[in-house]
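The values are calculated or read from the model by the stated rules, or taken from the named source; none is laboratory data. Note that this is a predicted model, so its numbers are computed, not measured. With ideal geometry, Cβ positions are generated from the backbone for all residues, glycine too; neighbour counts draw on all protein chains shown. Please note that ligands, DNA and RNA were not included when accessible areas were found on the heavy atoms of the full protein model with its side chains. Shrake-Rupley method; radii C 1.70, N 1.55, O 1.52, S 1.80 Å.
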Amino acid sequence: MNTTIEIHDSRVAEITEQNGTVTVHFLPAYLHKSEGRPAIDAGTGWIQEARLIFSEASISGDFPDWPCDIMGGEIVVGGERHNNLIPVPLEVAKPTELRLICDSIHMVTIASRGVRLELVGTPKYAEEFRPHNSPV
């Protein structure tokens, strides 16, 4: 089963920084699961707690009050851009940049030398996902 996190359907509980490590705590993250391409082909939607942990990282931007529903964003991993999606699993030691659009005035950017994704607990089923051009 192929899985991805959809940024704009996720909620960030908080972003913390300690000794060059930045952690983005999703509570919950919205996961697409599909036999094909998640978030594109038919599949299912799930919610699950998750943490993105960035090493040798810096953070910038205008921070909203946490928690915050995320409107959109992208992650660039080693030059590969993922618009509104975070690959699952994810653990790389490559330059990485995450941009989160929190609302019309708040955007956060994290740049790092590596990132790993931790899924916490058990995913909970949310819904069936059918693309707009898929027969019902």
Scan the stretch 36-79 for residues that are touching a strand residue (DSSP E or B) at 6+ places or on another chain (Cβ under 9 Å) and among the charged types (D, E, K, R) and jot them down. ARG37, ASP41, GLU49, ARG51, GLU56, ASP62, ASP69, GLU74
Tell me which of these VAL108 doesn't satisfy, since it passes every other one: (1) at positive phi; (2) open to solvent by less than 30 Å² (accessible area, probe 1.4 Å). (1)
Check every one of the strands (runs of 3 or more DSSP E) wholly within the stretch 1-75 and list those with 1 or more residues that are closer than 16 Å to LEU85 by Cα. 2-6, 11-18, 21-34, 43-55
Which ones in the stretch 93-105 are of a type outside the set (S, T, N, Q) and buried (at least 16 other Cβ atoms within 10 Å of the Cβ)? GLU97, LEU98, ARG99, LEU100, ILE101, CYS102
The stretch 4-32, subset at pLDDT 95 or above and among the charged types (D, E, K, R), residue nearest to GLU128 (Cα to Cα): GLU6
If you take the residues of the stretch 80-92 that are over 20 Å from THR16 (Cβ atoms) and open to solvent by 70 Å² or more (accessible area, probe 1.4 Å), which of them is farthest from the chain's Cα centre (by Cα)? GLU80
Can you tell me how many residues in the stretch 57-79 are open to solvent by 40 Å² or more (accessible area, probe 1.4 Å), free of Cβ contacts under 8 Å to residues at least 40 places away in the same chain and β-branched (Val, Ile, Thr)? 0
Mind checking which residues of the stretch 9-55 are within 13 Å of the chain's Cα centre (by Cα) and among the basic types (Lys, Arg)? ARG11, ARG51
Could you list, in sequence order, all residues of the stretch 37-56 that are open to solvent by 20 Å² or more (accessible area, probe 1.4 Å) and over 14 Å from ALA126 (Cβ atoms)? ARG37, ILE40, ASP41, ALA42, ARG51, ILE53, SER55, GLU56
